[in-house]
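A quick write-up on the structure given underneath.
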Amino acid sequence: MPTIEHLTERTPHVSPDDLLDGFQPSYRFGDVSFDSYIPDPNQPSQAAAVGELRQFAESMNASSGGFLARLFGKSKPVKTGLYLDGGFGVGKTHLLASLWHAAPGPKAFGTFVEYTNLVGALSFRKTVEVLKGYRLVCIDEFELDDPGDTVLMSRLMRELSDAGVRLVATSNTLPGALGEGRFAAADFKREIQVLSDQFDVVRVDGEDYRHRGLPDAPATLADSEVEDFARQRFSEKTIAVDDFAALTEHLQRVHPSRYRQLIDGIDVLVLRGVSTITEQSLALRFVVLADRLYDRDVPIVASGVSFSDLFTPEMMSGGYMKKYFRAVSRLTALARNGQLNESAT
C-alpha cells in the first residue's frame with residue numbers, strides 16, 4: 001500500500017545549515033563525471049570544454065596540495081572564473097556538476113534562483129560571510145530577466161571573488177525562434193562588469209534545444225481518477241496528493257528556499273484540478289517548485305489543464321518566458337513519467 005501525504009500540510013522549518021547542505025548537484029547529476037560526458041564528435045568545442053574544466057579542477061587541486069603539487073601541477077595560468085556559453089541541452093549542467101565533483105571543497109553548487117533565495121532567507125551579508133569560506137561556487141542557469149536579482153548576484157560574485165573564491169557559471173537560453181534570446185558571453189560579462197576580466201569563456205556548441213521542440217504533454221486524467229491511478233501504479237511509494245488551488249495558495253506561505261525540504265521524501269505528486277496560473281508572483285514560485293521536483297525526479301499524475309497551458313500566453317512571451325518554457329518542459333517530462341512511464345530526461 002502507498003503512503004499518502006499532502007504538501008499543503010507541510011511547513012518545513014529549515015536552518016541555515018540545512019539550506020547550505022542542499023547546495024550540491026541534484027539527484028540527476030549526483031554521480032556524473034568528466035568521463036561520463038560523451039562529447040559529440042561533430043562538435044569539437046565539447047571535447048575542448050571537458051579539457052578546460054579538467055584543467056580548472058586540477059589547478060584547484062594543485063593549489064591545495066602543498067609546494068610540490070603547486071610546482072609540478074601548473075600548466076598555463078587559469079583565471080579565477082569560468083563561464084560556460086552554449087545552447088540549451090548541450091550538457092553544460094553535466095559539465096558544471098562534473099567540475100564540482102572533481103574540485104576540492106568546501107564548495108557550493110546551485111542555480112541562480114537558489115542563490116537569490118538563499119540571500120532572501122539568510123540576508124546578503126550572512127550569505128557572503130558563509131560563502132567566503134568556500135573554495136568554489138558553481139552557479140547554474142545564470143539569468144538576466146530580473147534586473148534586481150542580476151545586480152544582487154553580480155555584487156555577491158564580486159565580494160566572493162575578492163575573497164579568493166573560484167566562480168563558475170552557466171546560463172540558460174530561450175527555446176524560441178532561431179537567433180533570439182541567446183544569453184551569450186558578452187551579456188554575461190557586461191552584467192558582472194568589474195569581474196569580466198577574471199572569467200574565461202568556454203564554448204559548448206551542439207544541437208540547440210529549440211530545434212528539438214517541447215515534448216507533448218500527456219492527456220490529463222479526470223479529477224476522480226488521478227489518486228486511484230497513482231495508487232495502482234506506485235503502490236509501494238510515498239505519494240503527495242493535493243488540490244492544485246490549495247497547493248498554489250500554500251506555496252505563497254512557504255519561502256522558495258524551503259521547497260526542497262517541502263518535497264523531501266515524496267516519490268510521486270498527484271495534482272487535482274490543475275489550472276492556468278494568471279498571477280506572475282505565483283507563477284514564479286511554481287517555477288521554483290517545478291525545478292525542485294525535476295531535481296528529485298518526482299513523477300506527476302495530474303488532472304485539469306495540460307502543463308502546456310499552465311502559464312498564460314502573455315507569460316510565455318514576456319520577460320520571464322525562459323523560466324516558463326523551462327518549467328513547462330520539466331513538468332511535462334515528469335507527467336510523461338508519471339502517466340506514461342517514460343523516463344524524465
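Six or more apart or on different chains, Cβ atoms under 7 Å: show the pairs whose first residue is in segment 270-286 and of a type in the set (Phe, Trp, Tyr) and whose second is not in a helix (DSSP H, G or I).
Phe286/Ile277
Going by what's in this entry, would Tyr324 be described as closer than 16 Å to Ala217 by Cβ and of a type outside the set (Asp, Glu)?
Considered against the rule, which asks whether it is closer than 16 Å to Ala217 by Cβ and of a type outside the set (Asp, Glu), Tyr324 comes out as yes.
Could you check segment 95-112 and list, in sequence order, the residues that are buried (at least 21 other Cβ atoms within 10 Å of the Cβ) and assigned to a helix (DSSP H, G or I)?
Leu95, Leu96, Ala97, Ser98, Leu99, Trp100, Phe112
Pairs needed: first member in segment 90-101, at positive phi; second member anywhere, among the hydrophobic types (A, V, I, L, M, F, W, C) and assigned to a helix (DSSP H, G or I); C-beta distance under 9 Å; at least 6 residues apart or different chains.
Taking only residues 6 or more apart or on different chains, the pairs are Gly91/Ala49.
Sort out which residues of segment 196-211 are open to solvent by 40 Å² or more (accessible area, probe 1.4 Å), modelled with pLDDT under 80 and touching a Phe, Trp or Tyr at 6+ places or on another chain (Cβ under 9 Å), and write them in order of number.
We begin by selecting, within segment 196-211, every residue open to solvent by 40 Å² or more (accessible area, probe 1.4 Å); these are 197-198, 200-201, 203, 205, 207, 210-211.
Now drop any that are not modelled with pLDDT under 80, which leaves 197-198, 207, 210-211.
Result: Arg210, single match.
Just to be sure I understand, how many residues within segment 124-151 are open to solvent by 40 Å² or more (accessible area, probe 1.4 Å) and either in contact with a Phe, Trp or Tyr (Cβ under 7 Å, 6 or more places away or on another chain) or modelled with pLDDT under 95 (or both)?
Within segment 124-151, the first condition is being open to solvent by 40 Å² or more (accessible area, probe 1.4 Å), and the residues that meet it are 125-126, 129, 132-135, 144, 146-149, 151.
Those left that are additionally either in contact with a Phe, Trp or Tyr (Cβ under 7 Å, 6 or more places away or on another chain) or modelled with pLDDT under 95 (or both): 144, 146-149, 151.
So the answer is 6.
So, Asp267, is that one farther than 22 Å from Met315 by Cα, open to solvent by 50 Å² or more (accessible area, probe 1.4 Å), modelled with pLDDT of 95 or more and not basic (Lys, Arg) or not?
Considered against the rule, which asks whether it is farther than 22 Å from Met315 by Cα, open to solvent by 50 Å² or more (accessible area, probe 1.4 Å), modelled with pLDDT of 95 or more and not basic (Lys, Arg), Asp267 comes out as yes.
Can you name the residue in segment 228-241 that is in a helix (DSSP H, G or I) and open to solvent by 50 Å² or more (accessible area, probe 1.4 Å) and, of all such residues, is nearest to Ile4 (Cα to Cα)? It would help to see each step written out before you state the result.
Narrowing segment 228-241 to residues in a helix (DSSP H, G or I): 228-233.
Applying the additional criterion that residues be open to solvent by 50 Å² or more (accessible area, probe 1.4 Å) yields 228-229, 231-233.
Working: Asp228: 12, Phe229: 13, Arg231: 9, Gln232: 13, Arg233: 14 Å.
In this case the residue turns out to be Arg231.
Do we have Arg190 as in a helix (DSSP H, G or I), surrounded by fewer than 19 Cβ atoms within 10 Å (Cβ to Cβ) and modelled with pLDDT of 90 or more here?
Against the criterion (in a helix (DSSP H, G or I), surrounded by fewer than 19 Cβ atoms within 10 Å (Cβ to Cβ) and modelled with pLDDT of 90 or more), Arg190 does not qualify.
Filter segment 313-345 down to residues that are of a type in the set (Phe, Trp, Tyr) and part of a helix (DSSP H, G or I) and give me whichever is most open to solvent (accessible area, probe 1.4 Å).
This residue is Phe325.
Report, by residue number, each residue of segment 242-260 that is in contact with a helix residue (DSSP H, G or I) (Cβ under 7 Å, 6 or more places away or on another chain) and not in a loop (DSSP other than H, G, I, E, B). Even if it seems obvious, please write down each step before you answer.
Step one: filter segment 242-260 for residues in contact with a helix residue (DSSP H, G or I) (Cβ under 7 Å, 6 or more places away or on another chain), giving 242, 246-248, 250-252, 254-257, 259-260.
Hits for segment 242-260 are Asp242, Ala246, Leu247, Thr248, His250, Leu251, Pro256, Ser257, Tyr259, Arg260.
Go through segment 30-60 and give me each residue that's open to solvent by 70 Å² or more (accessible area, probe 1.4 Å) and either at pLDDT below 90 or over 23 Å from the mean Cα position of the chain (by Cα) (or both).
Start the filter on segment 30-60 by keeping residues that are open to solvent by 70 Å² or more (accessible area, probe 1.4 Å), which leaves 31, 35, 38, 41-42, 44, 54, 58.
Within segment 30-60, Pro41, Asn42, Pro44, Glu58 qualify.
Six or more apart or on different chains, Cβ atoms under 9 Å: show the pairs whose first residue is in segment 121-140 and closer than 23 Å to Tyr259 by Cβ and whose second is open to solvent by 50 Å² or more (accessible area, probe 1.4 Å) and not in a helix (DSSP H, G or I).
Ala121/His255; Tyr134/Pro106
Does Val254 fit the bill of being over 29 Å from Leu20 (Cβ atoms) and either within 15 Å of the chain's Cα centre (by Cα) or not charged (D, E, K, R) (or both)?
Criteria not met by Val254.
Please determine, by comparing only the residues of segment 295-312 that are free of Cβ contacts under 8 Å to residues at least 60 places away in the same chain and not β-branched (Val, Ile, Thr), which one is surrounded by the most Cβ atoms within 10 Å (Cβ to Cβ).
Leu310
The values are calculated or read from the model by the stated rules, or taken from the named source; none is laboratory data. If you're wondering where the values come from, they're calculated on a predicted model, not measured in any experiment. Heads up, the Cβs are rebuilt from the backbone with ideal geometry, glycines too, and the neighbour counts pull from every protein chain shown. Note: areas computed on protein heavy atoms with side chains; ligands, DNA, RNA excluded. Shrake-Rupley method; radii C 1.70, N 1.55, O 1.52, S 1.80 Å.
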